1. Report, ordered by the first and then the second residue, all pairs with beta carbons closer than 7 Å, sequence separation of six or more or different chains, a first member in region 247-261 that is without any contact (Cβ under 8 Å) to a residue 24 or more places away in the chain and within 22 Å of GLY198 (Cβ to Cβ), and a second member that is hydroxyl-bearing (Ser, Thr, Tyr) and loosely packed, with under 14 Cβ neighbours inside 10 Å.
2. Give me a count of the residues in region 170-216 that are without any contact (Cβ under 8 Å) to a residue 12 or more places away in the chain and farther than 30 Å from ASN235 by Cα.
3. So which residues in region 23-44 are of a type in the set (D, E, K, R), at pLDDT 95 or above and surrounded by fewer than 19 Cβ atoms within 10 Å (Cβ to Cβ)?
4. Anything in region 345-359 that is surrounded by fewer than 20 Cβ atoms within 10 Å (Cβ to Cβ) and free of Cβ contacts under 8 Å to residues at least 40 places away in the same chain? List them, or say none.
5. Which residues, counting only those in region 372-392, are part of a strand (DSSP E or B) and more than 20 Å from PHE418 (Cβ to Cβ)?
6. For region 367-389, state whether one or more residues are under 29 Å from GLN57 (Cβ atoms), touching a Pro at 6+ places or on another chain (Cβ under 8 Å) and modelled with pLDDT of 95 or more.
7. Is one or more of the residues making up region 278-294 of a type outside the set (Asp, Glu), over 18 Å from ILE357 (Cβ atoms) and without any contact (Cβ under 8 Å) to a residue 24 or more places away in the chain?
Amino acid sequence: MNLRSALSGALTISLLLLSTAVRAANSLSLGADYLLRGVTVSERETTIKRLSYYDQQLKAYLITDLSKDVEATIRVQSITPWGMESSSTPLVTRYPDSQGNLWVQNAFVRLPNIWKDRVIATIGRQPMRWGDGLILSDDDLGFDALRLQLKSPWRFLPIDLDGFTAKINETLQTGDDTDLHGVLMGFDRNLTRWEFMGLWEKVGGIGSFQAGSEIAPVTASSVDRLIYGTRSRVNLKDAYLKGEYYMQTGNVERPGGNDINLKGTAYALGIGGKQNSTRWGRFGAQLDYAVGSGDDPSTPGDDEAFRANFAHRWSGLERSGWGRYAAANFSDIRSSTAPFADASGSNSGLPPGTSGIQTINFAIDATPWSQWTFSFAYQIFKAQKNLVGKKDLGTEFDYGVEYRFSGLVTMRGGYSTFAPKGAFDETTRTKASMGTFEVDLRF
């Protein structure tokens, strides 16, 4: 599907929605976001050919207040890769469709004024993200969920609750269901916000599961995973300090009684700020340190590799995380062999038998002129566990520039280099690079 047909389809759907809602709506917002991203990648293995393509992403939305007590949002999306000469089959991605056809990203009703504005109910396919998304983010996919957000009625007790239950996947014939439930309690005090959370994931009929120290998937029937922890952030005038810590428990059922106990921890610390300067304009810097535990091969009945399956990983077809190329999180990096497929134990981007990632990220940016921003970042990646004992994954340099042509059009360019280290096969590894160019249009 080309841009014209995608825009035409989005406009047709929007007009149909508009005709049914406009008579009852108190207010109406109708628009679209269009992102064109050009990508060229030289992978970290000499055996993989250079990949060059365009990723076209269109989102059309309708937001309406049907009354002061009822809001409705509908958002459709189209993702179209083109110019990918080396691909002859449809891409395997996390999205319902990634070949240009429109699909529903969000369709939900929001009730914001229950019990004197202290309770908000959201019903339907909706966006979901906790904090920086280190354990929970829908990444523009949307979750079919029921969600309640509550605020304390007492000033002396400034707490809030956020709870949801979501059906991620359901197959009636085979019972291959994925359910996700979460509860978050927030507490605000002066300049600090504390959050305490629990995220329950239940997967039935998954077929296979690969522990962190295993080199191939093994048959499994179900996974029950619980991630719980805390997050804190201190906001100062021009700076911030943040930290989060998580623990993982659960069970993986396998035939023959060879079940696996899930364990592991993860934490992240960050500090940053921005300041006006006479030479560099608005200047900012940040430092992040994050560690996700790896699986100890000497404990075959336990998997200590921390994995948050619904963490932030994607921006369209491209991975997103620490480093533009590596796009790391607690458990995985960009896969060079299957870069568009969803991440898993068998598609973690790490060498076989390797698990857990330690990341050091240092980044700076400057806005010397109102329309221009320049950025630089440096990352060091290290595995926590590796069957062969070599843990250095590599280092990355990122360079970026952003030009805000107007309030509606933004252009970005970036170039990254990744130098793989000892954890990767010395006979096939080489320096990787990634170049990107983006045009972001909002109308």
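The values are calculated or read from the model by the stated rules, or taken from the named source; none is laboratory data. None of the values given here were measured: they were computed from a predicted structure. Reconstructed Cβ throughout: ideal geometry from the backbone, glycine too, with neighbour counts over all protein chains shown.
1. Pairs found: none.
2. The number of residues fulfilling the criteria is 3.
3. The one that is of a type in the set (D, E, K, R), at pLDDT 95 or above and surrounded by fewer than 19 Cβ atoms within 10 Å (Cβ to Cβ): ASP33.
4. ASN347
5. Passing the criteria: TRP372, THR373, PHE374, LYS385.
6. Yes, there is a match, as at least one residue in region 367-389 is under 29 Å from GLN57 (Cβ atoms), touching a Pro at 6+ places or on another chain (Cβ under 8 Å) and modelled with pLDDT of 95 or more.
7. yes
Residue by residue, here is whether (1) in a strand (DSSP E or B); (2) at pLDDT below 95; (3) surrounded by 14 or more Cβ atoms within 10 Å (Cβ to Cβ) holds:
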{"residue": "GLN57", "(1), (2), (3)": "yes, no, yes"}
{"residue": "ALA60", "(1), (2), (3)": "yes, no, yes"}
{"residue": "LEU66", "(1), (2), (3)": "yes, yes, yes"}
{"residue": "THR73", "(1), (2), (3)": "yes, no, yes"}
{"residue": "SER78", "(1), (2), (3)": "yes, no, yes"}
{"residue": "SER86", "(1), (2), (3)": "no, yes, no"}
{"residue": "LEU91", "(1), (2), (3)": "no, yes, yes"}
{"residue": "ARG94", "(1), (2), (3)": "no, yes, yes"}
{"residue": "SER98", "(1), (2), (3)": "no, yes, yes"}
